[in-house]
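The values are calculated or read from the model by the stated rules, or taken from the named source; none is laboratory data. This is a predicted model, so every value here is computed, not measured. Positions of Cβ are backbone-derived with ideal geometry, glycine not excepted, and every protein chain shown enters the neighbour counts.
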Amino acid sequence: MSNINIEKMLNIYNYFNGIIITDEKGIIQYYANFRTDVYNLRLDEIIGKTILEIHPEMKKEDSTIIRVLETGKPIYDHVEHLTSPHGDTITNICSTIPIQQGGKIVGAIDFSRCIDDSIHVNIERKKIVLPNINNEKDSLYHIDSIVTTSKKMNEIKNIIPLIANTDSPVMIYGETGTGKEMIAQSIHTAGTKSSKRFVSQNCAAIPETLLESILFGTEKGAFTGAEDKPGLFELANGGTLFLDEIISMPMGMQAKILKAIEEKRVRRIGGNESISFDVKIISALNQEPRKCIREEKLREDLYYRLSTVFIEIPPLRDRIADIPVLVNYFIGDNNVKMNKNVMGISEEAMKIFMNYKWPGNVREIKNIIEGVFNIIGSEMISVEELPAYMLNHFHNEHSELMDIDDNLSLLEKLEEYEKRQLVMALDSTRNVTEAARKLKISKQSMSYKILKYGLKTKSKKSKNFD
């Protein structure tokens, strides 16, 4: 093996529960599995076959083993969805590394860890470490940095390679903390411009008086103290320019940006010559663009010019299945950074996480877990270590818990409240599908909770959950 990050290798080795080794053709030569409770195949059903023969539902481009054998580049912490021999859906976090001998790829080794509904209670009592995922060359995010189980987020991941090699502008809309820059960097690193610069600028962080000079550059003598200095369009030439929070630009500045993008030329302040540039423009905003146009925060013509490809990132409250995955990712990340051995998060604390609205989205989860790591003195994150504002928010939002028997434990109170919400949703809708939609959870999750609490549905086909 070559070009391997040793720290990542050590982390992967300690925390995987499945391993596959293949030859250069992808034929499996070795297999070991420590989660036979969810995936139980005999060796003779696996050895000598390819991953696509074992999982015919998997597409070639979705297999990290095949991708690594073709590219020779390792893939870390890729989320994959498989179907078990019993028909159950399995979600794995896997890392695949090429095996090289004499400069030639002779095989691949794939480490995987199953993540499921019980991951946060840590049945195996092993800490979960998902190493920090950054591009090996330039520390930028790439597609596999996007850790998710969300259908919408996976759709975004799927279109990134399609748009990465075009010159068309991309506009990303998402609430604060949803990961707009991660998506922008992933587009850059997935394309032919990845060897060039990725220049990022938060437009809200620049005073209006300096915005034009920073974007377009200056010539010496243009004003007192001015020096020959390239602007961001010049610096990003051949690569990607990411303009975040574009609605913070004055409307007059937006007009100048539009002109520069359309002509693909800029003129430095105080300069006489126009300078050509070849840049992929990615812009981002945290408010709905049509609303921004109505409120005259965004020029309509600039919107049309920048939104040739439009990506909307869903807020975390609309993809709650990602919460356990992200929590455990950041636990692993902080274990590495702070040299700690936190095993996971208690079921009570995870209940709080799952019911919180997450106005700060993924960034808020990251900050909360990091804050907990600064004060934690045990192996499991508990309710007591969560921020007071988070607990107060939960208390205010769920005041119905106040009339629940005080003799119950916190977990029992939370379950009782959840059960009441399910009953009310089922009573006020026609079927399970509508009830799930009202509660903003998946139908599969709704069906599981109905079975868990033994609830009755209106549908005659309640056994099959309509």
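At-a-glance table
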{"quantity": "From Asp322, Asp301, residue being crowded, with 17+ Cβ neighbours inside 10 Å and of a type in the set (Asp, Glu)", "calculated": "Asp322"}
{"quantity": "Single residue of the range 273-300 satisfying the filter (in contact (Cβ under 8 Å) with a residue 12 or more places away in the chain and of a type in the set (S, T, N, Q)) that is farthest from Glu245 (Cα to Cα)", "calculated": "Ser276"}
{"quantity": "Residue in the range 21-58 that is surrounded by the fewest Cβ atoms within 10 Å (Cβ to Cβ), counting only those that are at pLDDT below 85 and of a type in the set (Lys, Arg)", "calculated": "Arg42"}
{"quantity": "Residue in the range 358-368 that is assigned by TED's automatic domain parsing to the domain that holds Glu418, over 19 Å from Gly179 (Cα atoms), modelled with pLDDT of 90 or more and surrounded by fewer than 21 Cβ atoms within 10 Å (Cβ to Cβ) present", "calculated": "no"}
{"quantity": "Qualifying residue in the range 351-358 (condition: assigned to a helix (DSSP H, G or I) and farther than 24 Å from Lys413 by Cα)", "calculated": "no"}
{"quantity": "Residue in the range 135-169 that is modelled with the highest pLDDT, counting only those that are part of a loop (DSSP other than H, G, I, E, B) and hydrophobic (A, V, I, L, M, F, W, C)", "calculated": "Ile146"}
{"quantity": "Test: Glu312 is under 17 Å from Glu245 (Cα atoms), of a type outside the set (A, V, I, L, M, F, W, C) and either assigned by TED's automatic domain parsing to the domain that holds Val362 or under 18 Å from the mean Cα position of the chain (by Cα) (or both)", "calculated": "yes"}
{"quantity": "Meets criteria (assigned to a strand (DSSP E or B) and either surrounded by 14 or more Cβ atoms within 10 Å (Cβ to Cβ) or of a type in the set (Lys, Arg) (or both)) for Ile282", "calculated": "yes"}
{"quantity": "Qualifying residue in the range 59-66 (condition: closer than 21 Å to Lys151 by Cα, buried (at least 19 other Cβ atoms within 10 Å of the Cβ) and modelled with pLDDT of 85 or more)", "calculated": "yes"}
{"quantity": "Given (1) surrounded by fewer than 15 Cβ atoms within 10 Å (Cβ to Cβ); (2) part of a loop (DSSP other than H, G, I, E, B); (3) of a type in the set (A, V, I, L, M), index of the condition Met424 fails", "calculated": "(2)"}
{"quantity": "Candidate set from the range 242-260 (those that are assigned to a strand (DSSP E or B) and touching a residue at least 60 places away in the same chain (Cβ under 8 Å)); member that is farthest from Lys280 (Cα to Cα)", "calculated": "Asp244"}
{"quantity": "Number of positions in the range 227-278 that are small (Gly, Ala, Ser) and surrounded by 16 or more Cβ atoms within 10 Å (Cβ to Cβ)", "calculated": "6"}
{"quantity": "Condition broken by Lys340, with the remaining ones in (1) more than 30 Å from Arg437 (Cβ to Cβ); (2) surrounded by 18 or more Cβ atoms within 10 Å (Cβ to Cβ); (3) of a type in the set (Lys, Arg) satisfied", "calculated": "(2)"}
{"quantity": "Within the range 359-380, tally of residues that are closer than 21 Å to Val147 by Cα and in a strand (DSSP E or B)", "calculated": "0"}
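So that you can scan it fast, the table gives a plain yes or no per residue for (1) at pLDDT below 95; (2) assigned to a strand (DSSP E or B); (3) out of contact with any strand residue (DSSP E or B) (no Cβ under 6 Å at 6 or more places or on another chain):
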{"residue": "Met171", "(1), (2), (3)": "no, yes, no"}
{"residue": "Thr176", "(1), (2), (3)": "yes, no, yes"}
{"residue": "Ala184", "(1), (2), (3)": "no, no, no"}
{"residue": "Ser194", "(1), (2), (3)": "yes, no, yes"}
{"residue": "Ser200", "(1), (2), (3)": "yes, yes, no"}
{"residue": "Leu210", "(1), (2), (3)": "yes, no, yes"}
